[in-house]
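A short worksheet on the structure shown next.
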Amino acid sequence: PAVTSPCKILKCNSEFWAATSGSHHLGTEEVPEFCTALRAYAHCTRRTARTCRGDLAYHSAVHGIDDLMVQHNCSKDGPTSQPRLRTLPPGDSQERSDSPEICHYEKSFHKHSATPNYTHCGLFGDPHLRTFTDTFQTCKVQGAWPLIDNNYLNVQVTNTPVLPGSAATATSKLTIIFKSFQECVDQKVYQAEMDELPAAFADGSKNGGDKHGANSLKITEKVSGQHIEIQAKYIGTTIVVRQVGRYLTFAVRMPEEVVNAVEDRDSQGLYLCLRGCPLNQQIDFQTIRSAQATEGRTRRKGPSLPAPPEAFTYETATAKCREKLPVEDLYFQSCVFDLLTTGDVNFMLAAYYAFEDVKMLHSNKDKLHLYERTRDLAPGNTAPSGTPATLWVALLCLSQCWLCLL
């Protein structure tokens, strides 16, 4: 069965954020209402304490509540209803146009170098990974895995089975930790899981904290409960998180300098966006897809791959995927693969939105589409996608024969 965390800290965070309307600069008349919202927040965290014992976002919220109680001289005893505070006019809350230059990556970068090179990584579907080097893999990676781990941020995903006993997995939880950076931002944690895509960090804030350059880290809600965007200008990074159906997708645009900012690259360990999935976690996408196409199977067979609830044949799956993905690249093939292995039409939308994010985030527009190369050819002798290796061998033989005749 799909795993849902019993820890409801994200719900507590969202309720507090809704109650306070993101106001951080309170007038004297609003302090009692803010304290009431804080007490309600504390009460909510206590209710979920037992199930959140090992949750980083929970502990961050508890410490944040204590700090805010002290800052606003709030009593721990009193009413706990959640009045909604007035919303401040745009620009008055959290907007700081005078951030230090060091908190704007591109401005500080141009002083001593050429334009930075940006890279892209994405994870979506069953799950499919596009690395910073434009390698495309289909992986199993069940459980918790690090996507990014460098000097500035950590990203971890948790993948759970789509069906009981199935090898098909999808992302059910995502944790992003932005590390404290100079005078720009405090450490911030963002956490999302199935059916909970908050528009705020775990402590209820929407920016980088109380430092002078706090606005160089911001969360923007694009579609409520479905699409958020995080801008980390101090490291030139944009992150897009979506919920499509019940599962999450992740996409990031990051400068190469930030990607490779690690203390000890050789002993760093696994980092999926940079190194890809381990070989024993990779699925032979091409072989399975070929079997599906030639045999017309509606499902992957075997003891570890039970049948999905809805039947798709190879033909109906390809027809469905063409509705959103007319180019038969690896995003299209991923869509077909996922419909056949899960029977869930939302995986078609996941592939579609993953490609939309690539169009927005990838710096090289010539590399948006990815195609599989013919595996039979030696490295450096790549045939055009879809050209059988046997045809190239036959052409080579014919050319040799023609030279002999001459």
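Read-outs throughout are calculated quantities, based only on the coordinates presented, and are distinct from any laboratory measurement. Here the structure is a predicted model, which is why all the values come from computation and not from measurement. Methodologically, a virtual Cβ is constructed for each residue, glycine included, from the backbone with ideal geometry; neighbour enumeration extends over all protein chains shown.
Things to note:
- Counting 0.36 nm for each residue step from Asn154 to Gln226 and taking away their Cα separation leaves a gain of 23.7 nm.
- Ordering of 215-222, 37-44 by packing is 37-44, 215-222, highest average first (other Cβ atoms within 10 Å, averaged per residue).
- The simple spin-label model puts a point 7 Å past each Cα toward its Cβ; for Ser108 and Thr135 those points are separated by 3.1 nm.
- Distance from the alpha carbon centroid of segment 41-77 to that of segment 113-168 works out to 31 angstrom.
- Pairs from the table (Lys233/Lys320; Lys107/Lys222; Lys188/Lys320) lying more than 29 angstrom apart at Cα are Lys233/Lys320; Lys188/Lys320.
- Cut-off 12 Å between beta-carbons: net charge of the residues surrounding Met69, Lys and Arg +1, Asp and Glu -1: -1
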